[in-house]
Amino acid sequence: MTPAIINTVAVVLTLMVLSRIAGDNPLFRVAQYIFVGASLGLAFVVAYHQVLRPAVLQVAGGSAAAALLYAVPLALSLLLLPRISGEQTLSWLANIPLALIFGVGAALAVGGAIAGTIIPQILDTARPISGTPSEAVGAGVLVLGTIITLSTFYYTTPREGSTARLISAVAVVGHWLLMVAFGFFFAGAVQTYLSALTGQLSFVIGWLRDILGL
């Protein structure tokens, strides 16, 4: 009975979410609240069992090195609590861990963009043209497309003169290349959503067949 109940609840929640097609309605809002509540509950349970509880145990009964290692992030997390009260006298303490979180997050994002996107793009663009004729043509198109796309963001050129007209014409081509790239990204996202929708609808149809005995 347990799988049947789980499948029934899943189908009901799926239909409640799909009711958003007809417009905003109470069924969709209830499903939305259930999703947000379950997500927050799961996040709290995972954070308690895998982060907070081990940290407190290490600080209370672990070695001095482990206690010091866990005591610093635990103290920073406690500094967030004054923000709950809303009192301006102590809520500024929450700015310390928040600044650390945002700073580390920004550094990781910039470092990931440089190491994972910019440097590989530069190395791939600067590779020597060799190999088969098709590979040589592909490398040349890659270099040319990169230069044309970068020209779209060149805003310091003079407004007049032959150089300005040339860069403006190249920038128009680069703009269209960007639109094509964004179109591919959007198409990939839509394809992912459609695949998820197809899988969920197949699940609902299979559930109906089991219920009706077809």
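Computed from the coordinates by the stated procedures, all read-outs in this text should not be read as laboratory data. All figures in this text were calculated on a predicted structure; none of them were measured in a lab. Cβ sites come from the backbone with ideal geometry, for glycine too, and all protein chains shown count toward neighbours.
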When a/c reaches 1.5 or more, the comparison of a/b and b/c decides; with that in mind, is the range 127-214 rounded, prolate or oblate per its Cα gyration tensor? oblate
Separation of alpha-carbon centers, the range 1-61 and the range 102-121, rounded to whole Å: 32
Could you tell me which label, among (1) 1, 7, 15, 20, 21, 17, 11, 5, 2, 0, 0; (2) 1, 7, 14, 16, 16, 13, 11, 9, 7, 3, 1, 0, 0; (3) 1, 5, 6, 7, 9, 9, 8, 9, 11, 12, 10, 7, 3, 1, 0, 0, carries the value of P(r) over Cα pairs in 5 Å bins from 0, in percent calculated for this structure? (3)
Please return the longest range in the chain lying between exposed loop sites, taking chymotrypsin sites (Phe, Trp or Tyr not before Pro), DSSP loop only, at most 16 other beta-carbon atoms within 10 Å, and leaving the sites out. 1-152
